[in-house]
Ligand code: SF4
């Protein structure tokens with residue numbers, strides 16, 4: 001039986017240069033091929049127009065390009081575009097383009113499914129099947145950028161790792177993908193325009209603080225006491241609120257950056273004045289800003305969104321204490337827009353998920 005061909009995008013530039021040297025090709029070919037793969041984002045060897053035909057054929061006989069493809073797109077009346085991305089092994093993840101004023105933000109997945117089972121989340125209902133590879137993460141960004149150019153004639157300005165999965169549990173691939181996204185040989189996007197959002201893996205928050213990459217960090221807090229957070233985010237049992245606060249203090253001290261606290265507002269669960277007091281106590285002494293997020297309801301979770309009035313009163317309570325706080329409206333309400341919903345629907349057709 002023939003061995004499976006290797007994905008050429010698993011090679012770094014040096015490894016590609018080594019292969020071409022073995023084939024007695026001029027050194028500049030490696031840079032040309034690398035540019036086709038990562039800057040021009042082609043998915044067929046035959047599209048490498050400045051590469052001689054014989055070399056293209058040799059590449060084709062030796063390697064494959066396991067590129068991610070857009071399987072389905074939904075467009076919301078508010079302009080949000082949600083893409084179900086099909087991977088080479090037929091798993092589906094989702095990526096979202098959120099146009100907002102001058103900003104074009106891509107929300108990117110880091111895992112197929114998620115192991116963390118947060119009670120309010122659609123992705124939490126999908127078993128974690130596997131981590132995404134760095135190139136699959138990169139592909140999502142490149143494809144969403146193509147959609148932004150196609151639909152809005154604008155390039156991506158921001159990237160958030162807030163799609164399916166916990167990015168800090170696929171740390172190596174996420175960091176590798178970010179390096180490639182930021183590199184001049186990749187997409188040349190500034191790391192300051194990238195936000196990694198975590199459900200709270202304190203050890204990895206500290207590791208991220210130590211990286212030289214200058215990305216932003218967001219902590220999905222959603223409840224500010226162990227008692228309450230344990231009931232909706234099982235990860236809190238091993239990463240307590242106190243441990244997370246100490247990891248954030250380390251992050252702020254080491255990186256000099258201001259992390260964001262994400263707080264999705266769930267009617268009757270975490271939106272009362274005493275919850276605001278708990279959040280104020282958590283944020284006290286931290287250089288942070290708080291995003292209060294309107295909940296996009298997910299069937300069968302039992303949660304509904306807090307009212308606008310309640311969100312404003314909650315925000316006012318935080319602001320009175322000097323905290324920086326913004327209300328974030330839910331986007332794409334008319335499509336399967338809550339994290340995991342579109343992939344969930346596609347995934348149900350896949351035997352692996354049953
Ligand atoms: S909220 Fe994030 S970490 Fe929690 S289950 Fe959903 S995808 Fe996973």
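Observations on the structure shown:
- Condition check for residue 129: in contact with a strand residue (DSSP E or B) (Cβ under 7 Å, 6 or more places away or on another chain) and buried (at least 24 other Cβ atoms within 10 Å of the Cβ): no
- The set of residues in region 135-160 being away from the ligand (no atom under 16 Å from the Cβ), without any contact (Cβ under 8 Å) to a residue 60 or more places away in the chain and within 18 Å of residue 88 (Cα to Cα) consists of 141 alone.
- Filter result for residue 163 (touching a strand residue (DSSP E or B) at 6+ places or on another chain (Cβ under 7 Å), part of a loop (DSSP other than H, G, I, E, B), within 16 Å of the ligand (Cβ to nearest atom) and modelled with pLDDT of 95 or more): no
- All of (1) free of Cβ contacts under 8 Å to residues at least 24 places away in the same chain; (2) surrounded by fewer than 17 Cβ atoms within 10 Å (Cβ to Cβ); (3) more than 28 Å from residue 86 (Cβ to Cβ) hold for residue 20 with one exception: (2).
- Counting only residues that are under 27 Å from residue 4 (Cβ atoms), within 16 Å of the ligand (Cβ to nearest atom) and over 16 Å from the mean Cα position of the chain (by Cα), region 80-121 holds 1 of them.
- Among the residues listed as 309, 291, the single one being part of a helix (DSSP H, G or I) and either surrounded by fewer than 21 Cβ atoms within 10 Å (Cβ to Cβ) or under 23 Å from the mean Cα position of the chain (by Cα) (or both): 309
- Checking each residue in region 122-134 for being at pLDDT below 95 and more than 9 Å from the ligand (Cβ to nearest atom) picks out 127, 129.
- Residue count, region 18-45 (criterion: farther than 13 Å from residue 185 by Cβ and touching a helix residue (DSSP H, G or I) at 6+ places or on another chain (Cβ under 6 Å)): 4
- Qualifying residue in region 147-156 (condition: in contact with a helix residue (DSSP H, G or I) (Cβ under 8 Å, 6 or more places away or on another chain), surrounded by fewer than 17 Cβ atoms within 10 Å (Cβ to Cβ) and either modelled with pLDDT of 95 or more or under 29 Å from residue 43 (Cα atoms) (or both)): yes
- Annotation note: of 33, 8, the sole residue that is farther than 30 Å from residue 331 by Cβ, at pLDDT 95 or above, in contact with a strand residue (DSSP E or B) (Cβ under 8 Å, 6 or more places away or on another chain) and buried (at least 18 other Cβ atoms within 10 Å of the Cβ) is 8.
- For region 215-266, filtering for residues that are more than 14 Å from the ligand (Cβ to nearest atom) and touching a strand residue (DSSP E or B) at 6+ places or on another chain (Cβ under 9 Å) leaves 14.
- Test: residue in region 170-181 that is away from the ligand (no atom under 14 Å from the Cβ), in a loop (DSSP other than H, G, I, E, B), in contact (Cβ under 8 Å) with a residue 60 or more places away in the chain and on the phi < 0 side of the Ramachandran plot: no
The values are calculated or read from the model by the stated rules, or taken from the named source; none is laboratory data. Because the structure is a prediction, the values reported are computed rather than measured. A quick note on method: Cβ atoms are made from the backbone with ideal geometry, for glycine too, and the neighbour counts reach across all protein chains shown.
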